[in-house]
């Protein structure tokens with residue numbers, strides 16, 4: 001196993017982590033907190049373990065940690081969550097069309113939403129999604145097709 005230098009790790013992954021977290025949490029401050037938490041986990045991980053097999057393995061690990069931290073945050077904050085249609089969120093982060101898109105994506109089942117977000121929002125390729133979610137490439141393609149079909153149906157039905 002090869003150990004990668006972490007001096008460039010912050011520059012390399014900060015934007016990616018932030019965009020994943022913002023896409024899931026829909027809150028700038030929470031996304032910034034997740035970025036910090038991911039790097040804390042990274043530092044702890046690299047102190048305990050020899051390192052990563054490759055740069056691709058490192059990236060997949062960071063994506064997985066980011067996703068897990070976002071889900072944990074959403075679970076713990078579910079009672080105090082600001083609704084997406086509130087004035088605060090509309091004025092600071094998203095316009096009305098973006099809010100409607102996120103609402104439709106949010107209605108996808110978890111396994112379809114993950115591949116949809118990784119592919120369309122985070123810009124990952126099918127092999128990267130396969131490794132990140134630990135599923136076959138054909139499973140990614142199938143889930144992506146079903147997610148697109150469901151998303152189209154939700155949008156055409158007005159989100160119902």
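Of all the numbered requirements in (1) in the same structural domain as residue 17 (by TED's automatic domain parsing); (2) modelled with pLDDT of 85 or more; (3) surrounded by fewer than 16 Cβ atoms within 10 Å (Cβ to Cβ), residue 71 misses one, and that requirement is (2). Taking the criterion of being in contact (Cβ under 8 Å) with a residue 60 or more places away in the chain and not in a loop (DSSP other than H, G, I, E, B), the residues of the range 119-141 that qualify are 121, 128, 131, 132.
A single member of 117, 160, 55, 98 is loosely packed, with under 15 Cβ neighbours inside 10 Å, at pLDDT below 85 and under 18 Å from residue 18 (Cβ atoms), and it is 98. I'd like to check something: does the range 87-94 contain any residue that is in the same structural domain as residue 156 (by TED's automatic domain parsing), under 27 Å from residue 146 (Cβ atoms) and at pLDDT below 70? Within the range 87-94, one or more residues are in the same structural domain as residue 156 (by TED's automatic domain parsing), under 27 Å from residue 146 (Cβ atoms) and at pLDDT below 70. Residues that are surrounded by fewer than 18 Cβ atoms within 10 Å (Cβ to Cβ) and closer than 18 Å to residue 23 by Cβ within the range 123-149 comprise 123, 125, 148, listed in sequence order.
The values are calculated or read from the model by the stated rules, or taken from the named source; none is laboratory data. As the structure is a computational prediction, the values presented were derived from the model and not from experiment. We place every Cβ from the backbone using ideal geometry, glycine too, and count neighbours over all the protein chains shown.
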